[in-house]
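To start, the structure itself, in structure tokens.
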Amino acid sequence: MEIVVSGIRPTGNLHLGNYFGAVKNFLRLQEEYKCFFFIADWHSLTTHPHPGDVTANVRKILAEYLACGIDPEKAAIYVQSDVKETLELYLYLNMNAYLGELQRVTSFKEKARKQPENVNAGLLTYPTLMAADIIIHKADKVPVGKDQEQNMEMARKFARRFNMMYGVDFFPEPQSYSFGGDAVKVPGLDGSGKMGKSEGNAIYLIDDAATIRKKVMKAVTDSGPTEPNAEKPEPIENLFKMLKIVSSPDTYDYFNEKYNSCEIRYGDLKKQLAEDIVNFTTPIRERILDFSANTEYMDRVARQGAEQARASADKTIREVRKIIGFH
Ligand code: ADP
Ligand code: TRP
């Protein structure tokens, strides 16, 4: 059976970008494949060297994963740092990862720019740790958003290189995966770019209705189209992208026609969008609160997930040692 791996860093709450870019795919995949979903607490140290209470941050994301519908009976849900075998593979991969290629990774360059006082080796080797997370389970598919494409290319490169260097056909090349083909990019509503924690424009699954309404009503718009069927400038295009993601096709068509005939009232569009987001997130939010109150259950889930992940990782790392020459 094909194997699926994906992870999310516990550096904040899950937002709509995480949900529609990654978690939504997890839900379908867990029905069909052997899935490993983890919380990337080691990775979070690359940007948050003093994470505070890691356990609390991890529980927060775990409650959100479960509330979204990730099912511990179907998928292994675990915490990255519970599977030490990953570190050994990370070391081996680092021995065959080159400074130049790591320095060229866009997200490294971006993060280095954002935190010039802390351009650490973990940040540089972020893609090797991510590759280790994935290939430690010999994964075939990795559900991640568009922004992870370069990291995925690196993971494939490291898997291929290992096979080449040791003359084996051991690691499959992991493919990015999204239902319906193209990975979605959930836009920010602040005029340009994507929704993200560090972009400061995220709408979180845990946000209450009033917060969501406020965030959506603040979305950047313009003075409206002046000729029929005009092309949409980015801020407006982003609002429509969001409608496409959370609202019904009828709602989308309604506002699109209004736009094309220059009768659009952005206030109405935003009100509708806010209600559609609230309707989508409210049941999830309620489940997050329920799970958060049940730490005993969550700890049991994480323990079981770790056992499954360790069994899979141990099998791989034993073979890797042999292939490299540790007999
Ligand atoms: P953030 O950018 O908010 O820090 P992460 O980098 O932790 O989010 O992303 C976790 C997962 O969510 C990744 O698979 C990533 O591709 C996906 N993701 C994050 N933001 C978006 C977005 N705006 N659109 C689509 N997918 C996204
Ligand atoms: N880099 C991913 C992100 O920022 C998180 C991550 C770490 C990951 N290891 C992974 C995702 C392995 C998929 C597979 O979103």
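The values are calculated or read from the model by the stated rules, or taken from the named source; none is laboratory data. Note that the structure is predicted; figures quoted are calculated from it, not measured. Here the Cβ positions follow ideal geometry from the backbone for every residue, glycine too, while neighbour counts run over all protein chains shown. In case anyone asks, the SASA skips ligands and DNA or RNA and just uses the protein heavy atoms, side chains included. Shrake-Rupley method; radii C 1.70, N 1.55, O 1.52, S 1.80 Å.
Per-structure values
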| item | result |
| --- | --- |
| Euclidean distance between Cα centres, region 1-51 to region 101-146, Å | 14 |
| Sparsely packed trypsin sites (Lys or Arg not before Pro) within region 221-313, loop by DSSP, other Cβ within 10 Å at most 15 | R265 |
| Under 14 Å, Cβ to Cβ, from M1 - net charge with Lys/Arg +1 and Asp/Glu -1 | 0 |
| Relative contact order computed over region 193-297 (Cα-Cα under 8 Å; 6+ residues apart), in percent | 38 |
| For the chain: accessible area per residue (Å², 1.4 Å) | 48 |
| Chymotrypsin sites (Phe, Trp or Tyr not before Pro), loop per DSSP, at most 13 other Cβ atoms within 10 Å - longest free stretch of the chain | 180-325 |
| Axial C-alpha extent at least 24 Å, average Kyte-Doolittle at least -0.5 - helices from the chain (DSSP) | 266-292 |
| Cβ-placed point charges (K, R +1; D, E -1), dipole of the chain about Cα centre in debye, nearest 20 | 740 |
| Dipole magnitude (debye, nearest 20) for region 209-288, charges at Cβ of Lys, Arg, Asp, Glu | 580 |
| Amide H partners (placed H, <5 Å) of V186, local residues excluded | M195 |
| Charge dipole (the chain, unit charges on Cβ, about Cα centre) - positive-most of A22, G325, S312 | G325 |
| Distant-in-sequence amide H partners of H15 (H built 1.01 Å from N, under 5 Å) | L205 |
| Cα gyration tensor category, rounded, prolate or oblate, for region 1-51 with a/c compared to 1.5 | oblate |
| Structure-based [θ]222 nm, the chain - -39500 (n - 2.57) summed over DSSP H runs of at least 4, per residue, nearest 500 | -17000 deg cm²/dmol |
| Trypsin sites (Lys or Arg not before Pro) lying in DSSP loop within region 79-169, provided at most 12 other Cβ fall within 10 Å | K84, R104 |
| The chain: antiparallel DSSP beta bridges as a percent of all, rounded to 5 | 15 |
| Relative contact order of the chain, defined on C-alpha pairs under 8 angstrom at six or more residues apart (%) | 24 |
| Listed residues I277, Y266, N229: farthest to the positive end of the dipole of region 209-288 (Cβ charges) | I277 |
